[in-house]
Amino acid sequence: MGIITWLTTVPARAGILALVFIAQGAVLAAQAPASPTWELRLAAAAYFLPEEKDYLQPTITADRGALHLESRYNYEERNSLSVFAGWTFGFGSRARLDITPMFGGVAGDRDAVIPALALSFTAGPVQFYSEGEYVVDVHDTSDRFLYNWSELSLWPADWLRVGLVTQRTRVFEEPRDVQRGLLTGVSIGRFEGTLYWFNPGSSDRYFVTSFGISF
């Protein structure tokens with residue numbers, strides 16, 4: 001059987017068509033955008049307080065595409081664990097705005113439901129980040145409180161940032177409703193560390209150190 005005759009047989013034609021479809025599928029798979037992968041971040045903030053016991057506040061976040069998952073301990077209340085799920089909406093490239101509405105809850109020394117919002121804006125060396133929560137106690141719905149942590153940073157170098165920080169919390173007692181302070185941090189590869197100095201120059205000043213690693 002000559003090669004031309006062989007190519008005209010049904011099995012040969014079917015085999016050629018299968019190879020063509022396989023090749024086309026490989027080309028389309030190579031051209032299709034890759035499915036998003038999980039991005040994880042582990043962080044811990046150590047609070048050094050002047051008149052109360054120091055404590056550690058760990059946080060775990062997981063992102064896959066726009067999906068955002070987060071869990072914290074000792075954030076809304078001591079000995080309490082909170083979990084959140086949210087979706088990130090991003091806008092812009094040079095000036096980048098990311099908004100992540102979330103919903104979650106906390107259980108432990110405080111039991112509550114929590115609508116929350118995280119916002120990040122970056123324009124060149126300037127960065128603003130804010131996370132806010134409205135905590136509603138499930139045992140007494142009149143017991144409500146707004147938590148907030150905000151940072152305004154300037155990056156004079158790729159690895160160094162300096163800026164301002166504010167915090168509103170009920171985890172420890174403070175004469176000020178909103179604490180204000182200074183921050184300085186470094187970022188090297190997957191690692192980052194930041195020192196916060198709240199209420200500088202006053203008798204109720206305190207420090208927070210934060211360390212994180214991303215995967």
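The values are calculated or read from the model by the stated rules, or taken from the named source; none is laboratory data. Quick caveat: nothing in here was measured; it's all calculated off a predicted structure. All Cβ positions, even for glycine, are placed from backbone atoms using ideal geometry, and neighbour counts span all protein chains on display.
How do the pairs read when you match residues in the range 86-102 that are closer than 17 Å to R64 by Cβ and in the same structural domain as S130 (by TED's automatic domain parsing) with residues anywhere that are outside any strand (DSSP E or B) and not aliphatic (A, V, I, L, M), using Cβ under 6 Å and keeping only pairs 6 or more apart or on different chains? Once the first residue is closer than 17 Å to R64 by Cβ and in the same structural domain as S130 (by TED's automatic domain parsing) and sits in the range 86-102, its partners that are outside any strand (DSSP E or B) and not aliphatic (A, V, I, L, M) give D98/T88; T100/T88.
Of the candidates W159, W197, the single residue that is aromatic (F, W, Y), touching a Lys or Arg at 6+ places or on another chain (Cβ under 9 Å) and without any contact (Cβ under 8 Å) to a residue 40 or more places away in the chain is W197.
Please specify each residue of the range 84-97 satisfying the condition of being over 14 Å from A116 (Cα atoms) and assigned to a strand (DSSP E or B).
Listed by number, the residues that qualify are F89, G90, F91, A95, R96, L97.
Of all the criteria given as (1) under 23 Å from Y47 (Cα atoms); (2) outside any strand (DSSP E or B), the one not satisfied by T141 is (1).
Can you say whether E76 is assigned by TED's automatic domain parsing to the domain that holds A44, free of Cβ contacts under 8 Å to residues at least 24 places away in the same chain and among the charged types (D, E, K, R), as far as the supplied structure shows? The answer is no for E76.
Residues satisfying the criterion are present in the range 121-131 (criterion: surrounded by 12 or more Cβ atoms within 10 Å (Cβ to Cβ) and either among the charged types (D, E, K, R) or at pLDDT below 95 (or both)). The set of residues in the range 194-207 being touching a Gly at 6+ places or on another chain (Cβ under 7 Å) and surrounded by 15 or more Cβ atoms within 10 Å (Cβ to Cβ) consists of T194, Y196, W197, F198, N199. Going through R161, R168 one at a time, which residue ends up being modelled with pLDDT under 95 and either assigned by TED's automatic domain parsing to the domain that holds R144 or not polar (S, T, N, Q) (or both)? Selected residue: R168, the only one of R161, R168 that is modelled with pLDDT under 95 and either assigned by TED's automatic domain parsing to the domain that holds R144 or not polar (S, T, N, Q) (or both). When L164 is tested against (1) part of a loop (DSSP other than H, G, I, E, B); (2) under 20 Å from S120 (Cβ atoms); (3) among the aliphatic types (A, V, I, L, M), only condition (1) is not met.
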